[in-house]
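Here is the structure we will look at.
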Amino acid sequence: MTGEVVRGNQIGKLIGYPTANLFVDDPNKLIPAMGVYASTVMVRGMVKPGMTNIGMRPTINAHKLTIETNIFDFDEDIYYEPITVKLIRRIRNEKKFASLDILKRQLQQDKETTLKILNDPELKIRMTE
């Protein structure tokens, strides 16, 4: 999925997992199922690992579908710049957490799972073919 990075609610930044919120300007674009995905992101000519959430962000009672990616080891202002997000594997369903602290703990687990997926030698071969 390719789109422009737009401003979000800054909740991810608040809990240590800032996200690039993707604005897809084609209303007919098919969006994959809601959930958390291991992903790669093409940003400023670099491919970076990340994890992407597609969903309604029920923990903060949001009511709008978002596509947001935490880009690992990346801390640059990319608002209004284009990025391309490639979903590699679905990790889990989106769910509502009782608090932001519990969400933060889950995000740490999701990051560990994502890194295992993205570092799989067989997957690396398929990603470069």
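The values are calculated or read from the model by the stated rules, or taken from the named source; none is laboratory data. Keep in mind the model is a prediction, meaning the values are calculated, not measured. No Cβ is skipped: glycine too gets one built from the backbone with ideal geometry, and neighbour counts run over all protein chains shown.
Some observations on this one:
- Once segment 1-47 is narrowed to residues that are within 20 Å of Leu123 (Cβ to Cβ) and free of Cβ contacts under 8 Å to residues at least 40 places away in the same chain, the residue that is surrounded by the most Cβ atoms within 10 Å (Cβ to Cβ) is Val47.
- Given (1) closer than 14 Å to Asp75 by Cα; (2) aliphatic (A, V, I, L, M); (3) out of contact with any strand residue (DSSP E or B) (no Cβ under 7 Å at 6 or more places or on another chain), number of the condition Ala20 does not satisfy: (3)
- Of the criteria (1) loosely packed, with under 12 Cβ neighbours inside 10 Å; (2) within 17 Å of Lys13 (Cα to Cα), which one His63 fails: (2)
- Residue among Thr84, Thr66 that alone is touching a Gly at 6+ places or on another chain (Cβ under 9 Å) and either without any contact (Cβ under 8 Å) to a residue 60 or more places away in the chain or on the phi > 0 side of the Ramachandran plot (or both): Thr66
- Any hit, segment 48-59, residues being surrounded by 14 or more Cβ atoms within 10 Å (Cβ to Cβ), over 26 Å from Asn119 (Cβ atoms), without any contact (Cβ under 8 Å) to a residue 60 or more places away in the chain and of a type in the set (Lys, Arg): yes
- Filter pass, Lys95 being within 15 Å of Gly35 (Cβ to Cβ) and either in a loop (DSSP other than H, G, I, E, B) or free of Cβ contacts under 8 Å to residues at least 40 places away in the same chain (or both): yes
- Condition check for Ala98 on (1) more than 28 Å from Asp120 (Cα to Cα); (2) modelled with pLDDT of 95 or more: one failure, at (2).
- Selection count where residues are farther than 14 Å from Asn53 by Cα and either in a loop (DSSP other than H, G, I, E, B) or among the acidic types (Asp, Glu) (or both), scope segment 8-30: 11
- Gly12 being modelled with pLDDT under 95, touching a Pro at 6+ places or on another chain (Cβ under 7 Å) and either charged (D, E, K, R) or closer than 24 Å to Leu118 by Cα (or both): yes
- Residues of segment 77-93 that turn out to be among the acidic types (Asp, Glu) and farther than 16 Å from Gln10 by Cβ, as a count: 1
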